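Step one of this worksheet: look at the structure below.
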Amino acid sequence: MAHDLAIVLAAGKGTRMRSSRPKVVHKIAGRSMLGHVLTAVNSAQSVDRDLRCAVVVSAGEVGTAVGAEARRFLETAETFVQAEQRGTGDAVLAARDALRANPETVFVLFGDTPLITGQILTEMRSALDDGADVAVLAFDAENPTGYGRVVTDESGAVTGIVEEKDATPDQRAIHLCNSGVMAFRIGELAALFDRITANNVQGEYYLTDAIALARAVGLDVQVVTCDERAVLGVNDRQQLAVAERLYQDRARRRAMVEGATLIAPETVWFSADTQLGTDVLVEPNVIFGPGVQVADTATIRANSYLEGASVGPGCIIGPFARLRPGADLGADVRIGNFVEVKNVTMADGSKANHLSYLGDGTVGRGANVGAGTIFCNYDGFNKHRTEVGDGAFIGSNSALVAPVRIGTGAFVGSGSVISKDVADDALAIARAPQEVREDWARRFRERGERLKKAAKAKG
């Protein structure tokens, strides 16, 4: 079985992120930039090829953090340290040991291009399958300033890539720009990179010099083009925000193409792993945090926030609802305005329609949790569970002090504080008995008026 090697360059010189965290672990749609790149690599993997991934990091704690992040997405990812920041060509050679395994195809990517897709990488591999020795990913830039230019001959074949600082005026007029992403099918790739020199303004070993060297020995270099936005590099917080916006636009389009209705798409925010079924309706100002699955025909009403939650078919969530990690809702569950659910399984047809907190527990089939109900799950040290049986009815403004079980078909009277289990089909009432004092309010007001007049006369 052939194997591919993806070399992801995650090391680099200082950036403008102004952060204590490595640049490539900053997030787009709840997933690190490096995670997006590795997800694209993994999705492009062919079924008849093994994949090996080499992540080039800088030395020290930053490199260690980047390596750990890489293994979150690809357990087999290996890290290689670029001891000195001497350019992209030198960074590839930091993974020389991975190259010695003689992979069939080598991809070189960058950890700060989170919008690249597996489809683009598949197109690059197709160019190699069609006979190219090298595939260069390029884009037609509206404004090419700052980019390396891809130089071609009359036939369209690539003759080299020139960095802007080293380009002639004619070369700077070229709009076909280098993304930096390349794919190689060359047996002795390390030997090719060993021939790169630092004869340039920056004094660095450019990855792009490999193209002219490949051409010099008669290798075929082809261009694969993509949208400029797909290879946007992120170096500062403003670019991070631009990448987030572009990703969200892409996610919104995908959701609608796949059968969800977004009433105001520009107000809905997705995480990279959000899953929506068909005929899902999403109202304005909804945020999907990481780990959300929404089944067919569910409705997410306005101003709701979901994270780590599973929403069953036909559910109606919100408006102004919050589903936290561990919220697992069956079919046709109703979660209404200002209800928060955390680590609770709710069976089919159960309801909590108003102003409640449900934390750590289960709610049975068809049960009703009234307005203002609290699952008192935390004693200051540990979390405890509340169990509400099938068909149970919890009256408004009740507090269920966990651990506690409300039996099947049981009723809890409104305003109760329940700290002991309630048997099936029983009624539990735990509140002070009502006391009525006739005419008390009139006498209270009269006394208050007399005291007020007396105080005013003395003053």
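Restricting to segment 273-284, name every residue that is over 13 Å from THR299 (Cβ atoms) and buried (at least 18 other Cβ atoms within 10 Å of the Cβ).
THR274
I want to confirm something. Restricting to segment 109-129 and keeping residues that are assigned to a helix (DSSP H, G or I) and among the β-branched types (Val, Ile, Thr), which single residue is surrounded by the most Cβ atoms within 10 Å (Cβ to Cβ)?
Here is the first cut: in segment 109-129, the residues assigned to a helix (DSSP H, G or I) are 118-129.
If we keep only those that are among the β-branched types (Val, Ile, Thr) as well, we get 120, 122.
Values: ILE120: 20, THR122: 14.
Per the criteria, the residue is ILE120.
Could you list, in sequence order, the residues of segment 231-265 that are more than 16 Å from ILE300 (Cβ to Cβ) and over 16 Å from the mean Cα position of the chain (by Cα)?
Across segment 231-265, the qualifying residues are VAL231, LEU232, GLY233, VAL234, ASN235, ASP236, ARG237, GLN238, GLN239, ARG253, VAL257.
Here is a check on your reading of the model: is ALA423 farther than 20 Å from LYS342 by Cβ, of a type outside the set (D, E, K, R) and touching a residue at least 12 places away in the same chain (Cβ under 8 Å)?
Working: farther than 20 Å from LYS342 by Cβ: yes; of a type outside the set (D, E, K, R): yes; touching a residue at least 12 places away in the same chain (Cβ under 8 Å): yes.
Yes; evaluated as a whole, the condition is true for this residue.
Out of ALA432, ALA367, ALA457, ALA410, which single residue is at negative phi and within 36 Å of the chain's Cα centre (by Cα)?
ALA367
Between VAL25, VAL57, VAL8, which is closer than 30 Å to GLY203 by Cα, open to solvent by 10 Å² or more (accessible area, probe 1.4 Å) and not acidic (Asp, Glu)? Reasoning before the result, please.
On the way: VAL57 fails: open to solvent by 10 Å² or more (accessible area, probe 1.4 Å); VAL8 fails: open to solvent by 10 Å² or more (accessible area, probe 1.4 Å).
Exactly one of VAL25, VAL57, VAL8 is closer than 30 Å to GLY203 by Cα, open to solvent by 10 Å² or more (accessible area, probe 1.4 Å) and not acidic (Asp, Glu), namely VAL25.
For residues that are under 24 Å from GLU244 (Cβ atoms) and outside any loop (DSSP other than H, G, I, E, B), tally how many sit in segment 275-284.
Of segment 275-284, the ones under 24 Å from GLU244 (Cβ atoms) are 275-276, 280, 282-284.
If we keep only those that are outside any loop (DSSP other than H, G, I, E, B) too, we end up with 275-276, 282.
Count: 3.
Just one of the numbered conditions (1) within 25 Å of GLY118 (Cβ to Cβ); (2) part of a helix (DSSP H, G or I); (3) of a type in the set (A, V, I, L, M) is not true of VAL62; which one?
Here VAL62 clears every test but (1).
Could you name every one of the strands (runs of 3 or more DSSP E) located completely within segment 349-416 that has at least 1 residues being hydroxyl-bearing (Ser, Thr, Tyr), open to solvent by less than 10 Å² (accessible area, probe 1.4 Å) and out of contact with any Pro (no Cβ under 7 Å at 6 or more places or on another chain)? Talk me through it step by step, then tell me what you get.
Working: elements: 351-354, 357-363, 374-376, 386-388, 399-401, 404-406.
The strands (runs of 3 or more DSSP E) meeting that bar are 386-388.
With respect to GLU438, determine if the residue is open to solvent by 20 Å² or more (accessible area, probe 1.4 Å) and out of contact with any strand residue (DSSP E or B) (no Cβ under 6 Å at 6 or more places or on another chain). Give the steps one after another, and end with the answer.
Details: open to solvent by 20 Å² or more (accessible area, probe 1.4 Å): yes; out of contact with any strand residue (DSSP E or B) (no Cβ under 6 Å at 6 or more places or on another chain): yes.
In short, yes.
Residue by residue, here is whether (1) closer than 23 Å to VAL286 by Cα; (2) under 27 Å from the mean Cα position of the chain (by Cα); (3) of a type in the set (Gly, Ala, Ser) holds:
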{"position": "ASP328", "(1), (2), (3)": "yes, yes, no"}
{"position": "VAL339", "(1), (2), (3)": "yes, yes, no"}
{"position": "ALA347", "(1), (2), (3)": "no, no, yes"}
{"position": "ASN353", "(1), (2), (3)": "yes, no, no"}
{"position": "TYR357", "(1), (2), (3)": "yes, yes, no"}
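Please count how many residues of segment 285-340 are assigned to a loop (DSSP other than H, G, I, E, B) and open to solvent by 40 Å² or more (accessible area, probe 1.4 Å).
Residues of segment 285-340 assigned to a loop (DSSP other than H, G, I, E, B): 285-286, 289-292, 295-298, 301-304, 307-309, 312-315, 318-321, 324-327, 330-333, 338-339.
In the following step, the residues that additionally are open to solvent by 40 Å² or more (accessible area, probe 1.4 Å) were identified as 285, 290, 296-297, 301, 303, 307, 313, 319-320, 324-325, 332, 338.
Summing the residues that are assigned to a loop (DSSP other than H, G, I, E, B) and open to solvent by 40 Å² or more (accessible area, probe 1.4 Å) in segment 285-340 gives 14.
The values are calculated or read from the model by the stated rules, or taken from the named source; none is laboratory data. Just so we're clear, the structure is a prediction, and the values are computed from it rather than from any experiment. Neighbour counts are summed over all protein chains in view; Cβ atoms, including those assigned to glycine, are modelled from backbone coordinates with ideal geometry. Accessible surface areas use protein heavy atoms only, side chains included; no ligands, DNA or RNA. Shrake-Rupley method; radii C 1.70, N 1.55, O 1.52, S 1.80 Å.
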